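Colleague: First, the structure itself, so that you have it in front of you.
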Amino acid sequence: MRTILPRKIPKRSVTSPIAVLLLTAAIPLGTACDDDKDYSRREYIEWSDTPEFDRKPDILHFSVNGSPENGCNAIYVRTNVPFTATVEFEEDEDNGEAAAPDWLELVKIEHDYLPGISRLLCKAAPHPGTYKERKGCISLHTEVEYLNDFIPIVQGFPARVEGDFDWLKYGSANPLETRGETAISGWTAEQKDKGWESTPAEEEGTAHCYGKNGYVRLGDDLGHGANLLSPYKPEIRSDTAVLVRFNAIAYAATDGTKDANELTVTVKGGGQFLDGATSKKLILNHFDPSDEELPESMWENSRQEFIVVSHPKNTFTSNTRIELMAGDYVMESGNTRIFIDDFYIFRLRWYDYDDLFGGLPWEQQKNALTISSINACFSSSVFR
């Protein structure tokens, strides 16, 4: 039984504060409150990525390679009430619709997998294309009021630089068609504000970097090459390692003539590749000009990926950028026309390395770097 004092006491019944205290003290405790009653909730639900429940990460990170071959990702749920689980997805910022609703699937719920523990089996599809971070969620529902939980799931990496170039709408998407394409100097102010730059050739003062419909072309048919510089991103100075990925394909004419296909990738302003170099020369594939599926098919076998690290003797700075250089500014002979799309710089966290390498990258590249140099590289930094 609870004793409830009246909200308002008539003046004639009000006594001194001391008298009220004495009166209150005289009331048996059993009528004032029920100390034996347990008001805490006995129902519970919780999850972990281990059956021992020795940890509960804030977010589950699924590999960009998808779930293990012929297998699933396991999540464990400990509860004393019945529950259901559903998959939900983050809305696409552009159209408000659920993004890629088929990349994450809840395959099965194994109730009582262990005493008091259920197991959720999930399957994640390999991340296509750019590795840009995408998010999903598994919601855990019970019939107990306010007793629910959710499991955030992320696949991919947070982007420091995003360059899908869908905002370029010049000319045709067909690489064989040049009408309407526009030199970088002629881009709109809004497009220039995105931070992409190309260095003018000293001899002419012209940058031969062109915007097309959804991608960029470096070089022209008059013997000029060109470069493309990623935007400045000062926050990169706090990173330990990044993944640089882009699509690059060389030009081929309908008569079978192929342009030179050398592309130089350079880390500028601080940082280096895993092998200690700051520059790499790539020999690219050519698109097939006779393919009826152009322009969609032009990007086949065009993906390029590199890990770039901040070394104590060559650290990332606010000026760190990636440069792509097609041939030379003025070619001695021939042309070097190279098409670029989906240029991203992703911030890597320590658990991302297993996604990419099945282990830490320096364990996979002992021939490129000595253990001592790797230790020096990362001893002064903490994976963020």
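The values are calculated or read from the model by the stated rules, or taken from the named source; none is laboratory data. What you are looking at is a predicted structure, and each value in this text was computed from that prediction instead of being measured. Note that each Cβ is placed from the backbone with ideal geometry, even for glycine, and that neighbours are counted across all protein chains shown.
Colleague: Enumerate the pairs (first residue in the range 299-315 and more than 19 Å from THR264 (Cβ to Cβ); second residue anywhere and of a type in the set (Ser, Thr, Tyr)) with beta-carbon separation below 6 Å, excluding pairs fewer than 6 apart on the same chain, so at least 6 apart or on different chains.
Modeller: SER310/THR240; PRO312/SER380
Colleague: Another one. Yes or no: the range 206-222 includes at least one residue that is assigned to a loop (DSSP other than H, G, I, E, B) and under 27 Å from SER310 (Cβ atoms).
Modeller: The first filter runs over the range 206-222 and keeps only residues assigned to a loop (DSSP other than H, G, I, E, B), leaving 207-208, 212, 214-215, 219-222.
Among the residues that remain, those that are also under 27 Å from SER310 (Cβ atoms) are: none.
Checking the range 206-222: not a single residue is assigned to a loop (DSSP other than H, G, I, E, B) and under 27 Å from SER310 (Cβ atoms).
Colleague: Determine, yes or no, whether ALA226 is assigned by TED's automatic domain parsing to the domain that holds ASP341, more than 26 Å from the chain's Cα centre (by Cα) and under 21 Å from THR130 (Cβ atoms). Break it down stepwise before answering.
Modeller: On the way: assigned by TED's automatic domain parsing to the domain that holds ASP341: yes; more than 26 Å from the chain's Cα centre (by Cα): yes; under 21 Å from THR130 (Cβ atoms): no.
The answer is no for ALA226.
Colleague: Taking the criterion of being of a type in the set (S, T, N, Q), in contact with a Lys or Arg (Cβ under 8 Å, 6 or more places away or on another chain) and at pLDDT 85 or above, would at least one residue in the range 85-100 satisfy it?
Modeller: Within the range 85-100 (the criterion being of a type in the set (S, T, N, Q), in contact with a Lys or Arg (Cβ under 8 Å, 6 or more places away or on another chain) and at pLDDT 85 or above), the answer is no, since none of the residues qualifies.
Colleague: Next question, about the same structure. Scan the range 174-188 for residues that are among the hydroxyl-bearing types (Ser, Thr, Tyr) and either in contact with a helix residue (DSSP H, G or I) (Cβ under 6 Å, 6 or more places away or on another chain) or assigned to a loop (DSSP other than H, G, I, E, B) (or both) and jot them down.
Modeller: Result: THR178, THR188.
Colleague: Of everything in the range 23-56, what is at pLDDT 90 or above and surrounded by 10 or more Cβ atoms within 10 Å (Cβ to Cβ)? Give them in sequence order.
Modeller: GLU43, TYR44, ILE45, GLU46, TRP47, SER48, ASP49, THR50, PRO51, PHE53
Colleague: Quick check: is even one residue across the range 164-184 closer than 30 Å to GLU235 by Cα, at pLDDT below 95 and assigned by TED's automatic domain parsing to the domain that holds SER238?
Modeller: Looking for residues that are closer than 30 Å to GLU235 by Cα, at pLDDT below 95 and assigned by TED's automatic domain parsing to the domain that holds SER238, one finds at least one in the range 164-184, hence yes.
Yes/no matrix, rows are residues, columns are (1) outside any loop (DSSP other than H, G, I, E, B); (2) surrounded by fewer than 21 Cβ atoms within 10 Å (Cβ to Cβ); (3) not assigned by TED's automatic domain parsing to the domain that holds PHE346:
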{"position": "THR254", "(1), (2), (3)": "no, yes, no"}
{"position": "THR266", "(1), (2), (3)": "yes, yes, no"}
{"position": "SER290", "(1), (2), (3)": "no, yes, no"}
{"position": "MET298", "(1), (2), (3)": "yes, no, no"}
{"position": "VAL308", "(1), (2), (3)": "yes, no, no"}
{"position": "LEU324", "(1), (2), (3)": "yes, no, no"}
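Colleague: Going through the range 153-173 one residue at a time, which ones are surrounded by 14 or more Cβ atoms within 10 Å (Cβ to Cβ) and assigned to a loop (DSSP other than H, G, I, E, B)?
Modeller: Passing the criteria: GLY156, ASP164, PHE165, LEU168, TYR170, GLY171, SER172, ALA173.
Colleague: Moving on. Name the single residue that is nearest to VAL242 (Cα to Cα) among those in the range 174-206 being aliphatic (A, V, I, L, M), surrounded by 14 or more Cβ atoms within 10 Å (Cβ to Cβ) and free of Cβ contacts under 8 Å to residues at least 40 places away in the same chain.
Modeller: Here the answer is ILE184.
Colleague: Quickly run through the range 221-272 and pick out the residues that are small (Gly, Ala, Ser) and in contact with a Cys (Cβ under 7 Å, 6 or more places away or on another chain).
Modeller: Residues of the range 221-272 small (Gly, Ala, Ser): 223, 225-226, 230, 238, 241, 248, 250, 252-253, 256, 260, 269-271.
Of everything in the range 221-272, just one residue is small (Gly, Ala, Ser) and in contact with a Cys (Cβ under 7 Å, 6 or more places away or on another chain), namely ALA226.
Colleague: Just a yes or no: is a residue in the range 237-250 surrounded by 15 or more Cβ atoms within 10 Å (Cβ to Cβ), out of contact with any strand residue (DSSP E or B) (no Cβ under 6 Å at 6 or more places or on another chain) and closer than 15 Å to LEU324 by Cβ?
Modeller: Going residue by residue through the range 237-250, those that are surrounded by 15 or more Cβ atoms within 10 Å (Cβ to Cβ) are 237, 239-250.
Still in the list and also out of contact with any strand residue (DSSP E or B) (no Cβ under 6 Å at 6 or more places or on another chain): 237, 240.
In the following step, the residues that additionally are closer than 15 Å to LEU324 by Cβ were identified as none.
Within the range 237-250, none of the residues are surrounded by 15 or more Cβ atoms within 10 Å (Cβ to Cβ), out of contact with any strand residue (DSSP E or B) (no Cβ under 6 Å at 6 or more places or on another chain) and closer than 15 Å to LEU324 by Cβ.
Colleague: Additional query: Within the range 131-152, how many residues are closer than 16 Å to PHE62 by Cβ and either in a strand (DSSP E or B) or not acidic (Asp, Glu) (or both)? Write out each step before concluding.
Modeller: Pass one, the range 131-152, residues closer than 16 Å to PHE62 by Cβ: 131-138, 150-152.
Imposing the further condition that a residue be either in a strand (DSSP E or B) or not acidic (Asp, Glu) (or both) reduces the set to 131-132, 134-138, 150-152.
Residues in the range 131-152 being closer than 16 Å to PHE62 by Cβ and either in a strand (DSSP E or B) or not acidic (Asp, Glu) (or both): 10 in total.
Colleague: When you go through THR278, THR264 one by one, which is the residue that is in contact (Cβ under 8 Å) with a residue 60 or more places away in the chain and among the β-branched types (Val, Ile, Thr)? Lay out the reasoning, then the answer.
Modeller: Working: THR278 fails: in contact (Cβ under 8 Å) with a residue 60 or more places away in the chain.
Just one listed residue meets the conditions, THR264.
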